[in-house]
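Remarks on the structure that follows.
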Amino acid sequence: MRHYRVICSLLALGLSLCAAAARTVLAKEIKKTVGEQTVSIKFYNDNIVRVTKFLGTKQPEKKSYSVIMQPEATGKNALQVNVDDNGAVSFISPSGALLLREGSPASFSRRPAGVDAGKYEVSQTFLFEKDEAIFGFGQIADEQMNKRGKSIKFWNTNTYTPIPYFASERGYGLFWDNPGRSFFDDTPEHAIFRSEVALMVDYYFMYADGSQDGLVDCIRQLTGQATMFPLWTMGHWQCRERYKTSDELAEVLDKYRELNIPLDAIVQDWQYWGCDSNWNAMDFMNPYYINKVGDERWAKFLPDDLKPLAEEYKAKGIQPRLKSPKEMIDYVHENDAHIMISIWANFGPWTKPFRELQNIGALMPFDTWPRNHGVMPYDAFNPMARDIYWKYLSNLYEMGFDAWWTDSTEPDHFEREGDDEYVTHDGSWRSVKNAFPIVTNRGIYEHQRAAEDKKIKKNKHNKGKRSVQMTRSGAFGLQHYGTFSWSGDIQASWQSLKSQVPAGLSYSLCGIPFWNTDIGGFFYWDYWNDPKNPALQELHTRWMQWGTFMPLMRNHGSSPMPTELYHFGKTGDWAYDAQVEAVRLRYRLLPYIYSCAGDCVQRSGTMMRALVMDFPTDKVAINLADEYMFGRQLLVRPVTEPQYTWREDQRHGRQIYPDVSKAAAPVKVYLPKEQTMAGTTVGCKWYDFFTNKLYEGGRTILRPTSIFEYPVFVKAGSILPFGPAVQYSSQQAWDELEVRIYPGADGKFILYEDEGDGYNYERGLFSEISFAWNDAEQKLTISARRGSFPGMIAKRRFRVVKVTEQSTRGDQPIMGGRTVDYDGKELSLTL
């Protein structure tokens, strides 16, 4: 039996349970019967409480797809829970402040018919403070951060990944644990969660230290810590729908290397398997990839759009340079890059997985994409189906692919009447659908982890390969399974760009730290798919510049639009130069970016930080949907409106200025005025990253921006490490780093390093070097190194630069400063 510190006393309003106790009561949970309902309160730890409500006295058994935590003994004591005589629950902070209370009792409406007959539609109301702001709810294309007054449907689709979790500006969070079709409505009377199918009301209330970081830590305790992605994933990715042959993919990589555009990853999109009837065969059956063009035995697998090309190959006697998928993979690796491949959650009728899944009844008879070819999604809830999925995916794993693009994990579904009634392995579709993305991605992750563990046991010198999955959907807890999300097949438009910023911030507040978009958007219809269209060039440039400060930087687009940067121009053309500069800056920032990723894993950090995380008392800042902190040092305000071009009704772009490279237009930026650190509120000053000009916080400025500059500000007190200019992430060791100090406040930073891949970091094989700046003494202290790992740089140099308004541009190396040799021992220097 676990121990919980609770006060059990009958108050005038009912039962009170809290962790601020005068005595210890041995109990796994406390229950109160109110009429036909039972209210159950269970402390999972001092900061996390589960509330369930059900009819009768026995709690139904229920699977949670997100929660993996088991109740623990309490110790610090932080939270009080009251249950009144009507069964309404309220939550009280350690200081005695009311955080949240329920409204009317839970509602249970029995479902009369269908496969869910006997279960309930359930709802629970909550009462917010009048002006209380709430945030989160996943990836929703909403230009407002504050979700008060909103109505949200929880039903995943392409570009729409809602999550039934919100965080209050008052420092608490709530997760409504139901994977089926659910709703949230905030009305003037109350807010309400409602689910169409449930056995009970089931939610988790979280409150730690009143901060959003404390809430993210609660989420990670409840659903699992984020996994570390390899260093190469933090670099630049080139992706297109689609490279139609292995030679085409190799030629793109060749061109990037020839032009010295940094690149770490390239992506093989769909139809390497061939035609749509052979959809997602998890094997290379497209003749172009296996040197079978012109072979009649393989002609049936040709995608329709490649049949004319096959005739050309035959007529001209063209032979591929790369004659097998293994040669393609090896070529990518030999050229110091990595390769991700597209895999889907559905299968065509010609494939082996289709037939094997059909034999166990694990194909869902939905109308999915591609339509009219007999393609069906698989039932990822069936553990045998997940085993079959990996059985065929392991073919690609053994070839040496570095990452999985798990597309269409909603999955794609053209809904028809009756589909809700389909019974998966775990229940009706309407009752489990939103868990599909976490179940299928978890299955891949767990199988690959098992395969990697076997390899490591056979060879102790093999550090292994981290599972990397990019998925089109998501769910609460996804961060624990080697998976990050992208925002789906969005349109290339300024409106889309603008809405992506709050979508990513809201998603990150749900505890999932790694996220990205298709840079430039996916569909380019409004620009004639023309990279020379000036209006598109400006949009793509601004999106690429934002990508420098996303958790992951991936350029993508839908054919026939060529998205490779060299299609936008050449050296000397603004649309080319500005984008290449953005990529190069990304690589110089890799020590900072990888350390931010390490913070996510080691300290439950967040890379893309809504301003409520760092400036909770600044009412202006917390409601901004177009600014955020990238890590804890950089304030980023993407440019989300055109400044130098316009688009005619016929989609043709026009330049407002004859020479865009010499133009400048203002962007409005709010500089937050104060920050809460360790319970203390302090003022803020901000350095313009590019010009180094210093500003006081708490003001809105108009920042003139050329096409080569955009609003990025560095918080005074920041310590920023910069790495070398490289063509790929592992090209040069970080044995000499430029470390910038932005004076004006005390500050700190932790440089995180590990082997760059593998899971030895889970065994403690990583290192951290802490930097602390004392502004009053103008002194930097570099701590003794903590930890170690194979291949660690034992001795290195730091070139420490104190930034002033007279320093050279921030996107270029700042010369001068003091160089110190560091061998792992603590040292200090006064600047």
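The values are calculated or read from the model by the stated rules, or taken from the named source; none is laboratory data. What you see is a predicted model, and the numbers here were worked out from it, not measured in a lab. Cβ coordinates were reconstructed from backbone atoms using ideal geometry, including for glycine residues, and neighbour counts include every protein chain displayed. All accessible areas refer to the heavy atoms of the entire protein, side chains included, with ligands and DNA or RNA removed. Shrake-Rupley method; radii C 1.70, N 1.55, O 1.52, S 1.80 Å.
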Which is the longest stretch in the chain that no exposed loop site breaks, taking sites as GluC sites (Glu not before Pro) with a DSSP loop state and at most 12 other Cβ atoms within 10 Å?
-> 418-647
Using a cut-off of under 16 Å, list every residue of segment 735-759 whose amide N is near the label point 7 Å from the Cα of residue 827 along the Cα-to-beta-carbon line.
-> 735-740
Calculated diffusion of segment 716-757, Stokes-Einstein form, Kirkwood radius summed over Cα pairs, 20 °C and 1.002 mPa s, µm²/s = 179 µm²/s
For residue 558, net neighbour charge (Lys/Arg +1, Asp/Glu -1) across residues whose Cβ lies under 10 Å away = -2
Charge context of residue 685, other residues only, Cβ under 9 angstrom, K/R +1, D/E -1 = 0
With label points set 7 Å from each Cα along the Cα-to-Cβ direction at residue 157 and residue 187, the distance between them in nm comes to 2.4 nm
Listed residues 668, 662 arranged by accessible area, highest first, probe 1.4 Å = 662, 668
Per residue, how many Å² of accessible area does segment 724-791 show with a 1.4 Å probe?
-> 41 Å²
Tell me, what is the 1.4 Å probe accessible area of residue 759, in Å² to the nearest 10?
-> 20 Å²
Per-residue HN-Hα couplings for segment 706-713 [Karplus 6.51, -1.76, 1.60; θ = phi - 60°; Hz; x = Gly/Pro] = 7, 5, 9, 10, 7, x, 9, 10
Mean residue ellipticity at 222 nm from the helices of the chain, using -39,500 (n - 2.57) per DSSP H segment of n ≥ 4 over the full residue count, to the nearest 500 deg cm²/dmol?
-> -6000 deg cm²/dmol
Dipole check, the chain, charges on Cβ (K,R +1; D,E -1), about Cα centroid: among 59, 697, 663 the Cα furthest to the positive pole belongs to 59
Would you mind computing, in nm to one decimal, how far apart the modelled labels at residue 806 and residue 648 are, each placed 7 Å from Cα along Cα→Cβ?
-> 5.2 nm
So what J values fall out for segment 323-337 if you push phi through Karplus, 6.51 cos²θ - 1.76 cosθ + 1.60 with θ = phi - 60°, rounded to Hz, Gly and Pro as x?
-> 9, 7, x, 5, 5, 5, 4, 4, 5, 4, 5, 5, 9, 6, 10
So for segment 290-447, taking the charge dipole from beta-carbon charges (+1 Lys/Arg, -1 Asp/Glu), which of 343, 444, 301 sits furthest toward the positive end?
-> 301
Where the centroid of each part is defined by its Cα atoms, how far is segment 666-744 from segment 807-822 in Å?
-> 15 Å
Which value, in debye to the nearest 20, gives the size of the charge dipole of the chain about its Cα centre, when Lys and Arg are +1 and Asp and Glu are -1 at the Cβ?
-> 1720 debye
Dimensionless Rg over Rh [segment 669-795; C-alpha; Kirkwood] | 1.03
Taking residue 150 as the anchor, which lysines have their alpha carbon closer than 21 Å to its alpha carbon, excluding any fewer than eight residues away along the same chain?
-> 130, 498, 619
Just how much of residue 100 is accessible, in Å², when a 1.4 Å probe is used and the result is rounded to the nearest 10?
-> 0 Å²
In whole Å, largest first, the alpha carbons of segment 294-390 cover along the principal axes 47, 34, 21
Kindly state, to the nearest 0.05, the FRET efficiency for residue 725 paired with residue 309, given R0 = 25 Å and r defined as their beta-carbon distance.
-> 0.05
Relative to the compact-globule estimate 2.2 N^0.38 Å (N residues), the Cα gyration radius of the chain stands at a ratio of 0.96
Count the net charge of all other residues whose Cβ sits under 13 Å from the Cβ of residue 299, scoring Lys and Arg as +1 and Asp and Glu as -1.
-> +1
Using the heavy atoms of the protein chains alone and a 1.4 angstrom probe, what is the accessible area of segment 206-352 per residue in square angstrom?
-> 33 Å²
Karplus-derived HN-Hα couplings along segment 774-785 (A = 6.51, B = -1.76, C = 1.60, θ = phi - 60°), whole Hz, x at Gly and Pro | 9, 6, 4, 8, 6, 10, 9, 10, 9, 6, 5, 5
Residue span residue 319 to residue 260: 0.36 nm per residue of separation minus Cα-Cα distance leaves a gain in nm of 18.4 nm
Ratio for segment 745-831, C-alpha Rg to 2.2 N^0.38 Å, reads 1.24
Over the chain, calculate the relative contact order: mean separation of alpha carbon pairs under 8 Å at least 6 apart, over the residue count, as a percent.
-> 10 percent
So, with a 1.4 angstrom probe, what is the percent of accessible area on the chain that is carbon and sulfur?
-> 49 percent
Excluding ligands, DNA and RNA, what is the solvent-accessible area per residue of segment 50-117 at a probe of 1.4 Å, expressed in Å²?
-> 49 Å²
Looking only at lysines whose Cα falls under 22 Å of residue 307's and that sit 8 or more positions away or on another chain, we get 244, 292, 316, 323
Using only the Cα atoms, what convex hull volume per residue in Å³ does segment 225-312 have?
-> 125 Å³
